[in-house]
1. So which residues in the stretch 89-117 are under 13 Å from PHE294 (Cβ atoms) and part of a loop (DSSP other than H, G, I, E, B)?
2. Of the residues that sit in the stretch 377-398 and are over 16 Å from GLY293 (Cα atoms) and part of a loop (DSSP other than H, G, I, E, B), which one is nearest to the chain's Cα centre (by Cα)?
3. Of all residues in the stretch 290-325, which are surrounded by fewer than 24 Cβ atoms within 10 Å (Cβ to Cβ) and either among the β-branched types (Val, Ile, Thr) or touching a Lys or Arg at 6+ places or on another chain (Cβ under 6 Å) (or both)?
4. Restricting attention to the stretch 90-149, which residues are in contact (Cβ under 8 Å) with a residue 40 or more places away in the chain and among the polar types (S, T, N, Q)?
5. Before we move on, is ASP12 out of contact with any strand residue (DSSP E or B) (no Cβ under 7 Å at 6 or more places or on another chain) and either in the same structural domain as ALA393 (by TED's automatic domain parsing) or surrounded by fewer than 17 Cβ atoms within 10 Å (Cβ to Cβ) (or both)?
6. Could you count how many residues in the stretch 183-240 are within 23 Å of the chain's Cα centre (by Cα), surrounded by 18 or more Cβ atoms within 10 Å (Cβ to Cβ) and outside any helix (DSSP H, G or I)?
7. Restricting to the stretch 118-132, what's the tally of residues that are assigned to a loop (DSSP other than H, G, I, E, B) and in contact with a strand residue (DSSP E or B) (Cβ under 8 Å, 6 or more places away or on another chain)?
8. Identify the residue in the stretch 338-375 that is free of Cβ contacts under 8 Å to residues at least 12 places away in the same chain and more than 21 Å from LEU67 (Cβ to Cβ) and, among all such residues, is surrounded by the most Cβ atoms within 10 Å (Cβ to Cβ).
Amino acid sequence: MTKRTIVKLPGDGIGKTVLEEAIRVLDTAGFEADYIEGDIGWEFWCNEGNPLPDRTIKLIEEHKIGLFGAITSKPKDAAFEELAPELKEKGLVYSSPIVGLRQHFGLDICMRPCHSYKGNPLNFVRRGQGGTIEEPEVDVIIFRQNTEGLYGGVEWSNPPDEVYNALMTHPRFVKNFGNVPREELSVSTRIFTKKATERILRAAFDHAKKYGYKSVTLCEKPNVIRETSGMMYKMAMEIQKADYPDIQLWNTNIDAQMMWLTKNPETYGVIVAGNMFGDIVSDGFAGLIGGLGFACSAQFNPDSGIGVFEPTHGSAPKYADYDVSIVNPIAMIESACMMLDFIDENEIAAKIRKAVAEVIAEGKVRTYDMMKMSGRPDVIEKGAASTQHMTDAIIAKL
(Lines give C-alpha, C1' and ligand atoms only; values in the text may rest on other atoms or scores of the structure.)
Protein backbone atom coordinates (compact mmCIF):
# COMPACT_ATOMS: atom_id res chain seq x y z
CA MET A 1 0.00 0.00 0.00
CA THR A 2 1.36 3.39 -1.03
CA LYS A 3 1.21 5.94 1.74
CA ARG A 4 -1.12 8.75 0.76
CA THR A 5 -1.50 12.39 1.70
CA ILE A 6 -5.12 13.22 2.44
CA VAL A 7 -6.40 16.78 2.69
CA LYS A 8 -8.64 16.82 5.73
CA LEU A 9 -11.28 19.55 5.63
CA PRO A 10 -12.92 19.78 9.07
CA GLY A 11 -15.15 22.71 8.21
CA ASP A 12 -17.62 23.81 10.88
CA GLY A 13 -19.51 22.51 13.88
CA ILE A 14 -19.71 18.76 14.24
CA GLY A 15 -17.70 18.31 11.05
CA LYS A 16 -14.55 18.81 13.08
CA THR A 17 -15.58 16.11 15.56
CA VAL A 18 -16.75 13.37 13.21
CA LEU A 19 -13.78 13.81 10.88
CA GLU A 20 -11.32 13.04 13.67
CA GLU A 21 -13.33 9.96 14.64
CA ALA A 22 -13.22 8.69 11.05
CA ILE A 23 -9.46 9.15 10.97
CA ARG A 24 -9.17 7.11 14.18
CA VAL A 25 -11.03 4.29 12.45
CA LEU A 26 -8.86 4.56 9.32
CA ASP A 27 -5.70 4.39 11.42
CA THR A 28 -6.88 1.31 13.30
CA ALA A 29 -7.95 -0.45 10.10
CA GLY A 30 -4.42 -0.13 8.74
CA PHE A 31 -4.80 2.75 6.28
CA GLU A 32 -1.50 4.59 6.22
CA ALA A 33 -1.74 8.27 5.35
CA ASP A 34 -0.46 11.69 6.17
CA TYR A 35 -3.20 14.21 6.83
CA ILE A 36 -2.79 17.87 6.01
CA GLU A 37 -5.51 20.28 7.10
CA GLY A 38 -7.22 22.59 4.62
CA ASP A 39 -9.01 25.77 5.65
CA ILE A 40 -12.68 25.85 4.69
CA GLY A 41 -15.94 27.09 6.14
CA TRP A 42 -17.66 29.83 8.06
CA GLU A 43 -14.66 31.06 10.04
CA PHE A 44 -12.80 31.91 6.86
CA TRP A 45 -15.81 33.65 5.35
CA CYS A 46 -16.20 35.85 8.43
CA ASN A 47 -12.51 36.70 8.80
CA GLU A 48 -11.27 36.63 5.20
CA GLY A 49 -14.37 37.02 3.08
CA ASN A 50 -13.73 33.67 1.42
CA PRO A 51 -14.98 30.32 2.83
CA LEU A 52 -12.78 28.47 0.31
CA PRO A 53 -9.33 30.12 0.34
CA ASP A 54 -7.00 29.67 -2.64
CA ARG A 55 -4.49 27.89 -0.40
CA THR A 56 -7.02 25.10 0.14
CA ILE A 57 -7.68 24.82 -3.60
CA LYS A 58 -3.94 24.38 -4.13
CA LEU A 59 -3.72 21.65 -1.50
CA ILE A 60 -6.45 19.64 -3.23
CA GLU A 61 -4.89 20.23 -6.64
CA GLU A 62 -1.66 18.76 -5.30
CA HIS A 63 -2.94 15.82 -3.27
CA LYS A 64 -6.19 14.98 -5.13
CA ILE A 65 -8.16 13.52 -2.21
CA GLY A 66 -10.21 15.46 0.33
CA LEU A 67 -12.00 14.10 3.39
CA PHE A 68 -14.59 16.64 4.42
CA GLY A 69 -16.57 17.18 7.63
CA ALA A 70 -19.41 19.71 7.29
CA ILE A 71 -20.02 23.38 6.69
CA THR A 72 -22.33 26.08 7.97
CA SER A 73 -24.20 28.05 5.30
CA LYS A 74 -26.55 30.97 5.83
CA PRO A 75 -28.69 33.16 3.54
CA LYS A 76 -27.02 36.07 1.78
CA ASP A 77 -28.06 38.84 4.17
CA ALA A 78 -27.25 36.85 7.32
CA ALA A 79 -23.86 35.91 5.89
CA PHE A 80 -23.08 39.55 5.13
CA GLU A 81 -23.90 40.58 8.70
CA GLU A 82 -21.28 38.20 10.09
CA LEU A 83 -18.45 39.52 7.92
CA ALA A 84 -15.61 41.31 9.68
CA PRO A 85 -16.39 45.07 9.60
CA GLU A 86 -13.40 45.89 7.40
CA LEU A 87 -14.69 43.49 4.73
CA LYS A 88 -18.25 44.81 4.44
CA GLU A 89 -17.39 47.52 1.92
CA LYS A 90 -15.77 45.15 -0.56
CA GLY A 91 -18.91 43.87 -2.26
CA LEU A 92 -18.39 40.28 -1.11
CA VAL A 93 -21.21 37.76 -1.53
CA TYR A 94 -21.23 34.42 0.28
CA SER A 95 -21.36 31.23 -1.75
CA SER A 96 -21.14 27.67 -0.51
CA PRO A 97 -17.54 26.42 -0.42
CA ILE A 98 -18.59 22.85 -1.13
CA VAL A 99 -20.44 23.99 -4.26
CA GLY A 100 -17.31 26.00 -5.11
CA LEU A 101 -15.17 22.87 -4.77
CA ARG A 102 -17.50 20.90 -7.03
CA GLN A 103 -17.48 23.51 -9.76
CA HIS A 104 -13.77 24.39 -9.56
CA PHE A 105 -12.64 20.80 -9.87
CA GLY A 106 -15.50 19.55 -12.03
CA LEU A 107 -16.64 17.05 -9.38
CA ASP A 108 -19.73 16.34 -11.40
CA ILE A 109 -20.23 12.71 -10.39
CA CYS A 110 -21.90 12.44 -6.99
CA MET A 111 -22.68 9.05 -5.47
CA ARG A 112 -24.94 8.71 -2.44
CA PRO A 113 -25.49 5.11 -1.31
CA CYS A 114 -28.38 4.29 1.01
CA HIS A 115 -28.04 0.77 2.41
CA SER A 116 -29.93 -0.45 5.46
CA TYR A 117 -28.03 -2.23 8.24
CA LYS A 118 -29.59 -5.25 9.90
CA GLY A 119 -30.51 -4.45 13.47
CA ASN A 120 -30.74 -0.69 13.00
CA PRO A 121 -33.84 0.34 14.98
CA LEU A 122 -34.30 3.30 12.62
CA ASN A 123 -34.82 1.15 9.51
CA PHE A 124 -38.03 1.69 7.56
CA VAL A 125 -40.85 -0.73 8.37
CA ARG A 126 -44.35 -1.13 6.91
CA ARG A 127 -47.44 -3.24 7.45
CA GLY A 128 -47.84 -6.30 5.25
CA GLN A 129 -50.76 -8.61 4.64
CA GLY A 130 -52.63 -9.64 7.74
CA GLY A 131 -51.13 -6.83 9.77
CA THR A 132 -47.63 -8.30 9.67
CA ILE A 133 -44.64 -6.01 10.03
CA GLU A 134 -42.20 -5.96 7.12
CA GLU A 135 -38.72 -4.47 7.08
CA PRO A 136 -37.65 -4.31 3.42
CA GLU A 137 -33.95 -4.18 2.70
CA VAL A 138 -32.97 -0.86 1.14
CA ASP A 139 -30.01 -1.03 -1.23
CA VAL A 140 -30.07 2.10 -3.35
CA ILE A 141 -27.33 4.29 -4.77
CA ILE A 142 -28.21 7.71 -6.14
CA PHE A 143 -26.09 9.24 -8.91
CA ARG A 144 -26.56 13.00 -8.74
CA GLN A 145 -25.28 15.39 -11.38
CA ASN A 146 -23.31 17.68 -9.14
CA THR A 147 -22.31 20.87 -10.96
CA GLU A 148 -25.22 22.04 -13.10
CA GLY A 149 -28.98 22.48 -12.81
CA LEU A 150 -30.49 24.72 -10.16
CA TYR A 151 -27.27 24.69 -8.14
CA GLY A 152 -25.25 26.14 -11.00
CA GLY A 153 -25.40 29.58 -9.40
CA VAL A 154 -26.64 31.50 -12.47
CA GLU A 155 -29.15 33.76 -10.74
CA TRP A 156 -30.35 37.36 -10.63
CA SER A 157 -32.56 39.58 -8.53
CA ASN A 158 -33.78 42.64 -10.42
CA PRO A 159 -32.18 41.17 -13.58
CA PRO A 160 -30.00 43.52 -15.66
CA ASP A 161 -31.10 44.77 -19.08
CA GLU A 162 -29.45 42.05 -21.15
CA VAL A 163 -31.00 39.29 -19.02
CA TYR A 164 -34.41 40.90 -18.81
CA ASN A 165 -34.52 41.58 -22.54
CA ALA A 166 -33.56 37.98 -23.27
CA LEU A 167 -36.32 36.70 -20.99
CA MET A 168 -38.81 38.96 -22.76
CA THR A 169 -38.19 37.06 -26.01
CA HIS A 170 -39.94 34.03 -24.52
CA PRO A 171 -43.73 34.14 -25.03
CA ARG A 172 -44.51 32.52 -21.68
CA PHE A 173 -42.36 34.99 -19.81
CA VAL A 174 -44.16 37.86 -21.53
CA LYS A 175 -47.56 36.36 -20.76
CA ASN A 176 -46.94 35.43 -17.12
CA PHE A 177 -44.32 37.93 -15.94
CA GLY A 178 -44.17 40.70 -18.52
CA ASN A 179 -46.18 43.09 -16.32
CA VAL A 180 -44.22 42.36 -13.14
CA PRO A 181 -41.91 45.24 -12.14
CA ARG A 182 -38.36 44.18 -12.81
CA GLU A 183 -37.22 44.96 -9.27
CA GLU A 184 -39.74 42.38 -8.02
CA LEU A 185 -38.23 39.58 -10.10
CA SER A 186 -35.74 36.96 -8.95
CA VAL A 187 -34.58 34.43 -11.54
CA SER A 188 -32.70 31.15 -11.06
CA THR A 189 -31.67 29.10 -14.07
CA ARG A 190 -31.65 25.33 -14.52
CA ILE A 191 -28.92 24.56 -17.05
CA PHE A 192 -28.12 21.05 -18.32
CA THR A 193 -25.36 20.31 -20.82
CA LYS A 194 -25.24 17.18 -22.94
CA LYS A 195 -21.65 16.41 -21.95
CA ALA A 196 -22.27 16.45 -18.20
CA THR A 197 -25.63 14.73 -18.57
CA GLU A 198 -24.08 11.88 -20.53
CA ARG A 199 -21.32 11.50 -17.92
CA ILE A 200 -23.73 11.06 -15.02
CA LEU A 201 -25.98 8.72 -17.00
CA ARG A 202 -23.07 6.51 -18.03
CA ALA A 203 -21.71 6.51 -14.48
CA ALA A 204 -25.07 5.19 -13.27
CA PHE A 205 -25.34 2.51 -15.96
CA ASP A 206 -21.71 1.46 -15.46
CA HIS A 207 -22.29 1.03 -11.74
CA ALA A 208 -25.43 -0.99 -12.35
CA LYS A 209 -23.58 -3.25 -14.79
CA LYS A 210 -20.55 -3.70 -12.51
CA TYR A 211 -22.54 -4.57 -9.39
CA GLY A 212 -25.40 -6.51 -10.93
CA TYR A 213 -28.30 -4.09 -10.54
CA LYS A 214 -31.12 -4.89 -12.94
CA SER A 215 -32.40 -1.37 -13.47
CA VAL A 216 -31.49 2.31 -13.58
CA THR A 217 -34.24 4.75 -12.62
CA LEU A 218 -34.16 8.26 -14.06
CA CYS A 219 -35.82 10.49 -11.46
CA GLU A 220 -36.68 13.84 -13.02
CA LYS A 221 -39.83 15.64 -14.27
CA PRO A 222 -39.79 15.47 -18.10
CA ASN A 223 -43.57 15.84 -18.39
CA VAL A 224 -43.31 19.43 -17.08
CA ILE A 225 -39.65 20.49 -17.25
CA ARG A 226 -39.52 19.52 -20.90
CA GLU A 227 -36.20 20.95 -22.03
CA THR A 228 -33.81 19.88 -19.25
CA SER A 229 -35.50 16.81 -17.78
CA GLY A 230 -36.71 15.96 -21.26
CA MET A 231 -33.20 16.05 -22.69
CA MET A 232 -31.92 13.86 -19.87
CA TYR A 233 -34.63 11.26 -20.41
CA LYS A 234 -34.10 11.20 -24.17
CA MET A 235 -30.35 10.72 -23.72
CA ALA A 236 -30.94 7.97 -21.13
CA MET A 237 -33.13 6.06 -23.58
CA GLU A 238 -30.53 6.36 -26.34
CA ILE A 239 -27.63 5.30 -24.08
CA GLN A 240 -29.55 2.37 -22.60
CA LYS A 241 -30.63 1.07 -26.02
CA ALA A 242 -27.17 1.38 -27.56
CA ASP A 243 -24.87 0.25 -24.76
CA TYR A 244 -26.80 -1.28 -21.84
CA PRO A 245 -29.66 -3.32 -23.33
CA ASP A 246 -29.59 -5.81 -20.44
CA ILE A 247 -30.31 -3.10 -17.86
CA GLN A 248 -33.86 -1.79 -17.64
CA LEU A 249 -34.44 1.97 -17.76
CA TRP A 250 -37.24 3.20 -15.53
CA ASN A 251 -38.57 6.75 -15.59
CA THR A 252 -40.16 8.31 -12.49
CA ASN A 253 -41.23 11.84 -11.67
CA ILE A 254 -39.60 13.23 -8.54
CA ASP A 255 -42.91 13.86 -6.76
CA ALA A 256 -44.23 10.36 -7.42
CA GLN A 257 -40.86 8.86 -6.51
CA MET A 258 -41.04 10.40 -3.05
CA MET A 259 -44.31 8.53 -2.52
CA TRP A 260 -43.11 5.24 -3.97
CA LEU A 261 -39.92 5.15 -1.95
CA THR A 262 -42.01 4.56 1.18
CA LYS A 263 -44.24 1.99 -0.53
CA ASN A 264 -41.69 -0.30 -2.17
CA PRO A 265 -38.11 0.93 -1.58
CA GLU A 266 -36.67 -2.53 -2.19
CA THR A 267 -37.72 -2.21 -5.85
CA TYR A 268 -35.08 0.40 -6.60
CA GLY A 269 -31.35 -0.01 -7.12
CA VAL A 270 -29.54 2.68 -9.07
CA ILE A 271 -31.20 6.08 -9.38
CA VAL A 272 -29.87 8.96 -11.49
CA ALA A 273 -31.01 12.58 -11.41
CA GLY A 274 -30.01 16.18 -11.89
CA ASN A 275 -28.61 18.26 -9.08
CA MET A 276 -31.72 19.36 -7.18
CA PHE A 277 -33.82 16.24 -7.64
CA GLY A 278 -30.81 14.05 -6.81
CA ASP A 279 -30.41 15.98 -3.57
CA ILE A 280 -34.08 15.51 -2.71
CA VAL A 281 -34.37 11.82 -3.49
CA SER A 282 -31.11 10.94 -1.72
CA ASP A 283 -32.35 12.56 1.50
CA GLY A 284 -35.63 10.70 1.09
CA PHE A 285 -33.90 7.33 0.87
CA ALA A 286 -31.52 8.29 3.68
CA GLY A 287 -34.58 8.61 5.90
CA LEU A 288 -35.37 4.94 5.26
CA ILE A 289 -31.99 3.74 6.55
CA GLY A 290 -31.86 5.82 9.71
CA GLY A 291 -31.41 9.41 8.65
CA LEU A 292 -28.46 11.63 7.97
CA GLY A 293 -26.35 9.88 10.62
CA PHE A 294 -25.99 7.07 8.08
CA ALA A 295 -25.85 9.07 4.84
CA CYS A 296 -22.47 9.23 3.13
CA SER A 297 -21.38 10.59 -0.24
CA ALA A 298 -18.60 10.78 -2.79
CA GLN A 299 -18.07 13.47 -5.41
CA PHE A 300 -15.33 13.14 -7.96
CA ASN A 301 -13.99 13.85 -11.40
CA PRO A 302 -12.91 10.59 -13.09
CA ASP A 303 -10.65 12.47 -15.52
CA SER A 304 -8.55 14.32 -12.96
CA GLY A 305 -8.72 11.71 -10.21
CA ILE A 306 -9.79 14.37 -7.71
CA GLY A 307 -12.40 13.31 -5.17
CA VAL A 308 -13.98 14.77 -2.04
CA PHE A 309 -15.83 12.54 0.42
CA GLU A 310 -18.30 13.79 3.01
CA PRO A 311 -21.37 12.93 5.05
CA THR A 312 -24.50 14.63 3.80
CA HIS A 313 -25.49 16.03 7.18
CA GLY A 314 -24.86 19.64 8.12
CA SER A 315 -22.64 21.23 10.73
CA ALA A 316 -25.28 21.16 13.52
CA PRO A 317 -23.55 23.95 15.48
CA LYS A 318 -25.63 23.53 18.64
CA TYR A 319 -24.33 19.97 19.05
CA ALA A 320 -20.77 21.13 18.55
CA ASP A 321 -20.99 23.11 21.79
CA TYR A 322 -21.88 20.14 23.99
CA ASP A 323 -19.26 19.09 26.53
CA VAL A 324 -19.55 15.50 25.29
CA SER A 325 -20.29 14.99 21.60
CA ILE A 326 -23.46 12.98 20.98
CA VAL A 327 -23.63 12.90 17.16
CA ASN A 328 -23.53 9.72 15.13
CA PRO A 329 -20.14 9.34 13.36
CA ILE A 330 -21.19 6.51 11.04
CA ALA A 331 -22.00 8.72 8.03
CA MET A 332 -18.50 10.20 8.23
CA ILE A 333 -16.91 6.78 8.67
CA GLU A 334 -18.86 5.45 5.69
CA SER A 335 -17.72 8.46 3.64
CA ALA A 336 -14.15 7.53 4.51
CA CYS A 337 -14.91 4.03 3.19
CA MET A 338 -16.05 5.56 -0.09
CA MET A 339 -12.71 7.36 -0.22
CA LEU A 340 -10.94 4.03 0.27
CA ASP A 341 -12.96 2.51 -2.58
CA PHE A 342 -12.01 5.43 -4.82
CA ILE A 343 -8.28 4.88 -4.24
CA ASP A 344 -8.58 1.08 -4.55
CA GLU A 345 -8.15 0.28 -0.86
CA ASN A 346 -11.19 -1.97 -1.05
CA GLU A 347 -10.09 -4.54 1.52
CA ILE A 348 -9.71 -1.92 4.25
CA ALA A 349 -13.06 -0.39 3.30
CA ALA A 350 -14.74 -3.80 3.53
CA LYS A 351 -13.17 -4.45 6.92
CA ILE A 352 -14.47 -1.15 8.30
CA ARG A 353 -17.96 -1.69 6.89
CA LYS A 354 -18.05 -5.15 8.47
CA ALA A 355 -17.12 -3.68 11.84
CA VAL A 356 -19.82 -1.02 11.56
CA ALA A 357 -22.41 -3.65 10.62
CA GLU A 358 -21.45 -5.83 13.58
CA VAL A 359 -21.79 -2.98 16.06
CA ILE A 360 -25.22 -2.05 14.70
CA ALA A 361 -26.45 -5.66 14.61
CA GLU A 362 -25.24 -6.29 18.16
CA GLY A 363 -27.23 -3.31 19.39
CA LYS A 364 -25.26 -2.71 22.58
CA VAL A 365 -23.89 0.68 21.51
CA ARG A 366 -26.33 3.17 20.01
CA THR A 367 -26.13 6.92 19.57
CA TYR A 368 -29.05 9.12 20.60
CA ASP A 369 -30.62 9.07 17.12
CA MET A 370 -30.58 5.27 17.10
CA MET A 371 -32.37 5.35 20.48
CA LYS A 372 -34.97 7.80 19.11
CA MET A 373 -34.08 10.48 21.64
CA SER A 374 -34.06 14.24 21.20
CA GLY A 375 -30.57 15.60 20.73
CA ARG A 376 -30.01 16.96 24.23
CA PRO A 377 -26.81 16.91 26.30
CA ASP A 378 -28.34 14.53 28.86
CA VAL A 379 -28.81 11.63 26.42
CA ILE A 380 -25.48 10.15 27.56
CA GLU A 381 -26.87 9.85 31.10
CA LYS A 382 -29.90 8.08 29.64
CA GLY A 383 -27.81 5.38 27.98
CA ALA A 384 -26.95 6.79 24.57
CA ALA A 385 -23.42 6.36 23.27
CA SER A 386 -21.27 9.41 22.72
CA THR A 387 -19.62 10.02 19.36
CA GLN A 388 -16.34 8.70 20.75
CA HIS A 389 -18.01 5.68 22.38
CA MET A 390 -19.54 4.63 19.05
CA THR A 391 -16.15 4.99 17.37
CA ASP A 392 -14.53 2.97 20.15
CA ALA A 393 -17.04 0.16 19.58
CA ILE A 394 -16.25 0.08 15.85
CA ILE A 395 -12.54 0.09 16.59
CA ALA A 396 -12.99 -2.78 19.05
CA LYS A 397 -14.60 -4.86 16.28
CA LEU A 398 -11.66 -4.03 13.98
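The values are calculated or read from the model by the stated rules, or taken from the named source; none is laboratory data. On a predicted model such as this, the values are computed, not experimentally measured, just so you know. So basically every Cβ, Gly included, is an ideal-geometry build from the backbone, and we count neighbours across all protein chains shown.
1. SER116, TYR117
2. LEU398
3. Answer for the stretch 290-325, where residues must be surrounded by fewer than 24 Cβ atoms within 10 Å (Cβ to Cβ) and either among the β-branched types (Val, Ile, Thr) or touching a Lys or Arg at 6+ places or on another chain (Cβ under 6 Å) (or both): SER297, GLY305, ILE306, THR312, VAL324.
4. SER95, SER96, GLN103, SER116, ASN120, ASN123, GLN145, ASN146, THR147
5. no
6. Residues meeting the conditions: 8.
7. Residues in the stretch 118-132 being assigned to a loop (DSSP other than H, G, I, E, B) and in contact with a strand residue (DSSP E or B) (Cβ under 8 Å, 6 or more places away or on another chain): 2 in total.
8. Filtering first and then ranking leaves MET373.
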